[in-house]
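The block underneath contains the structure these notes are about, expressed in structure tokens.
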């Protein structure tokens, strides 16, 4: 079953007096493009995090965030931001002297935006036991992420099947027009030649004419294009149901080959009804191509 490159996974656990949060999000991308944002305590393990998730997530523009939040006594998340009180008092007094027209509230807001007033809490590196908890939380978030991708992939697969069925149905609609098309073209050419012969009083070599007609009509034959298009549709279905890496890229290549056959059908169909059918097939294929970009 195919997976979508769009995904989201989140897991939480308790790490001492803090709540540990791991979030993984992704969008489609041709290659693996991973961005990792870690709390200060986990900075030394960035390469390990990338190694853990790189092969498992395969491809996509992936955003990983691992951070902690303080917990209050009741176990609820608290937002405690240390303030450098000395720096706050100093800058506040400076603003009172330099900007007397400001109110106390305006001065306070300005002071709190200064980088040396709000300071991050010093964090020590995690212990081996704490890192085991972090690793387990990362694995849990990754599993939720993969489950999300699988669910989105199932929706994509259902859409692909619907579009492929519609293209197959349109291909079947071509056959009734194809049967009478050759004879209609032959009669049209003969009528034109008869008219030309009357105007120029030149006799037409019927043997040579039949040879040229056969050569011309062979160029308009679409049997091979129909066979190849059916094979591409079958291979698209088989690839969706298979496993392995690079399924999205394979489906993209197959969709390109389908497009070539449909375009050839359009160039060979000199009948308006067939051209309308070809336009509908192109529209369906374009919808497939747009969504194939989201397949892992």
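If R0 equals 45 Å, the separation of the Cβ atoms of residue 38 and residue 155 corresponds to a calculated FRET efficiency of about 0.90. Length available on full extension from residue 219 to residue 237: 0.36 nm per residue minus the Cα-Cα distance, which gives 3.5 nm. When a/c reaches 1.5 or more, the comparison of a/b and b/c decides; with that in mind, is the range 1-71 rounded, prolate or oblate per its Cα gyration tensor? In terms of gyration-tensor shape, prolate. Between residue 50 and residue 273, the distance separating the two model label sites (each 7 Å from Cα on the Cα→Cβ line) works out to 6.2 nm.
With each label modelled as a point 7 angstrom along the Cα→C-beta vector, the residue 89-residue 283 pair spans 7.5 nm. Between the C-alpha center of the range 15-39 and that of the range 159-176 there is a gap of 42 Å.
Since every read-out is calculated from the coordinates, none of them should be taken as a lab result. The structure displayed is predicted, hence computed values, not measured ones. A quick note on method: Cβ atoms are made from the backbone with ideal geometry, for glycine too, and the neighbour counts reach across all protein chains shown.
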